[in-house]
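Each remark here refers to the structure printed beneath this line.
The values are calculated or read from the model by the stated rules, or taken from the named source; none is laboratory data. What you see is a predicted model, and the numbers here were worked out from it, not measured in a lab. Glycine also receives a Cβ, built like all others from the backbone with ideal geometry; neighbour counts cover every protein chain displayed.
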Amino acid sequence: MPDNIRDQAEGLRRLMESGELPEPSAQEGAVAVEDIPEDAPVVEDEDSIAVDVCSEELPAESSGADLLLDTSRSTEVFPGTDSLSPSAVFRIPAVKPLEKPLPRGRDQLGIRSETKVIAVTSGKGGVGKTNLVCNLALALAQMGRRVIVFDADLSLANIDVLLGISPRFNLSHVLSGQKTLREVLVTGPEGILVVPGGSGIEELANLGKEDLENLLDSFEELDGECDLLLIDTAAGINHSVLSFLLAVDQVLVVTTPEPTAYTDAYALIKVLAQHAPEKRVGVTVNMARNNREAADVTRLMLQICRTMLHTGFDNFGSIPRDMEMLQAVREQCPLLLHSPYSPASKSIRRLACSLLQAERQLASSGGLRGFMNRLLGRARTTAA
């Protein structure tokens, strides 16, 4: 089935499991999402997704399907097509932000419990990386994931500003023994947790053996309570950024259509390819004027990577330039809460779905303790 239909189906399935939606029964006008062809044309709006499915392409009965959607048939006209018969178009309700939260965590959603770690980074500043991290965390939380955001951007640590929170402590208070990791965690919108990094990032390389074990134990305690750790790194390439990128499970590189931005993004991918050619790297183009511009940037970067580095990357699509984003920043309100149906919000939710699909393919890496072991080992090596 098409990706956006699959994403909506997964969201609807979770709504049904949480009791937000009733389980539909087989009836006239129902269609199993598993039966929707991959090449079926779709039209998405803020309320629903319409999908053109010819009646002969569907089985006579769908009652045994994994998920059966109670759909209403529509007579709308698809772009570029003639009028379709009422029996050929199904309208699937879009998943909207919930008034009450979904069950949190992988255990409730039937997913393995090991925490996965994703670093969001960029070759240069000013590409909207931190803003994307905040909204991506919210999108993942709205999908039922328990998310912790680790603010590791020493130069411009402003996740608290974008989320409208005021942390009193940061990682340095944990390293000094003044506070536990749980005590410095700050709760943000949708229940996401934030670890304020502050100057504590620089102190990681100088930990004694006892302090190191205490820090590892602190992070390991969160392994069963956190599904995803999102790390907002500093922009550019330095030993601190590289330490984080080499320790995580997945790297998401954010760029824009500006030549300086995607040139620096390529330089970052080149360094990663030299140090860890097996590292899973993805790219998303932010603030694109249109899909063609984003596709051109992605195609150019991919061509250069394959020619010069003999490697590629995962294409995580694009996020359009959206004036609602500027207004949301001014009001210190994340875009997904300020304007949940804006074009950028929809793209961020699609990005979240793509990351979850990619996450399922990641090999086991030891969870948060494994990540911290790799990070601290790398920090000591680069500091030496």
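Mind counting the residues in the stretch 230-288 that are of a type in the set (Phe, Trp, Tyr) and either farther than 13 Å from Ser122 by Cβ or buried (at least 23 other Cβ atoms within 10 Å of the Cβ) (or both)?
Of the stretch 230-288, the ones of a type in the set (Phe, Trp, Tyr) are 244, 262, 266.
After this cut, where a residue has to be either farther than 13 Å from Ser122 by Cβ or buried (at least 23 other Cβ atoms within 10 Å of the Cβ) (or both) as well, the list is 244, 262.
Final tally of qualifying residues: 2.
Does Gly236 satisfy the condition of being in the same structural domain as Ala295 (by TED's automatic domain parsing), of a type outside the set (S, T, N, Q) and assigned to a loop (DSSP other than H, G, I, E, B)?
On the way: in the same structural domain as Ala295 (by TED's automatic domain parsing): yes; of a type outside the set (S, T, N, Q): yes; assigned to a loop (DSSP other than H, G, I, E, B): yes.
Spelling it out, Gly236 is indeed in the same structural domain as Ala295 (by TED's automatic domain parsing), of a type outside the set (S, T, N, Q) and assigned to a loop (DSSP other than H, G, I, E, B).
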Task: Residues satisfying the stated conditions in the stretch 275-313, i.e. under 21 Å from Ile237 (Cα atoms), in a strand (DSSP E or B) and in contact (Cβ under 8 Å) with a residue 60 or more places away in the chain - done: Arg280, Gly282, Thr284, Asn286
Open item on the list: What are the pairs with Cβ atoms under 8 angstrom where one residue, in the stretch 216-227, is in the same structural domain as Leu175 (by TED's automatic domain parsing) and in a helix (DSSP H, G or I) and the other, located anywhere, is modelled with pLDDT under 80 and surrounded by fewer than 18 Cβ atoms within 10 Å (Cβ to Cβ)? Sequence gap at least six, or different chains.
Closed with: Asp223/Ser113; Gly224/Ser113; Glu225/Gly105
Open item on the list: Can you say whether Leu242 is assigned by TED's automatic domain parsing to the domain that holds Leu132, in contact with a helix residue (DSSP H, G or I) (Cβ under 6 Å, 6 or more places away or on another chain) and part of a helix (DSSP H, G or I), as far as the supplied structure shows?
Closed with: no
Open item on the list: Going by what's in this entry, would Ser364 be described as among the small types (Gly, Ala, Ser), farther than 30 Å from Asp211 by Cβ and either modelled with pLDDT under 95 or in the same structural domain as Val120 (by TED's automatic domain parsing) (or both)?
Closed with: no
- [ ] Check whether at least one residue in the stretch 331-347 is closer than 19 Å to Val281 by Cα, part of a helix (DSSP H, G or I) and not hydroxyl-bearing (Ser, Thr, Tyr), and report yes or no.
- [x] no
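For the stretch 314-330, name all the residues that are free of Cβ contacts under 8 Å to residues at least 24 places away in the same chain and assigned to a helix (DSSP H, G or I). Spell out the reasoning first.
Initial filter on the stretch 314-330 (free of Cβ contacts under 8 Å to residues at least 24 places away in the same chain): 322-324, 326-328, 330.
Once the filter is applied, which keeps residues that are free of Cβ contacts under 8 Å to residues at least 24 places away in the same chain and assigned to a helix (DSSP H, G or I), the stretch 314-330 yields Met323, Glu324, Leu326, Gln327, Ala328, Arg330.
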Task: Subset of the stretch 326-345 (residues that are of a type outside the set (Ser, Thr, Tyr) and surrounded by 20 or more Cβ atoms within 10 Å (Cβ to Cβ)) - done: Ala328, Pro334, Leu335, Leu336, Ala344
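Can you find even one residue in the stretch 117-127 that is polar (S, T, N, Q), surrounded by 24 or more Cβ atoms within 10 Å (Cβ to Cβ) and at pLDDT 90 or above? Explain how you work it out, then say what you get.
Of the stretch 117-127, the ones polar (S, T, N, Q) are 121-122.
Retained after the next criterion (residues that are surrounded by 24 or more Cβ atoms within 10 Å (Cβ to Cβ)): 121-122.
Imposing the further condition that a residue be at pLDDT 90 or above reduces the set to 121-122.
Yes, that holds for at least one residue.
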Open item on the list: Restricting to the stretch 289-312, give me the number of residues that are surrounded by 12 or more Cβ atoms within 10 Å (Cβ to Cβ), β-branched (Val, Ile, Thr) and more than 17 Å from Pro257 (Cα to Cα).
Closed with: 1
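Taking the condition of being in contact (Cβ under 8 Å) with a residue 60 or more places away in the chain and either in contact with a His (Cβ under 9 Å, 6 or more places away or on another chain) or crowded, with 17+ Cβ neighbours inside 10 Å (or both), how many residues in the stretch 139-188 meet it?
Pass one, the stretch 139-188, residues in contact (Cβ under 8 Å) with a residue 60 or more places away in the chain: 139-140, 142-156, 159, 161-164.
Keeping just the survivors that are either in contact with a His (Cβ under 9 Å, 6 or more places away or on another chain) or crowded, with 17+ Cβ neighbours inside 10 Å (or both) gives 139-140, 142-154, 159, 162-163.
Residues meeting the conditions: 18.
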Open item on the list: As an exercise: evaluate Leu252 against (1) assigned to a loop (DSSP other than H, G, I, E, B); (2) touching a Gly at 6+ places or on another chain (Cβ under 6 Å) and give the number of the one condition it does not meet.
Closed with: (1)
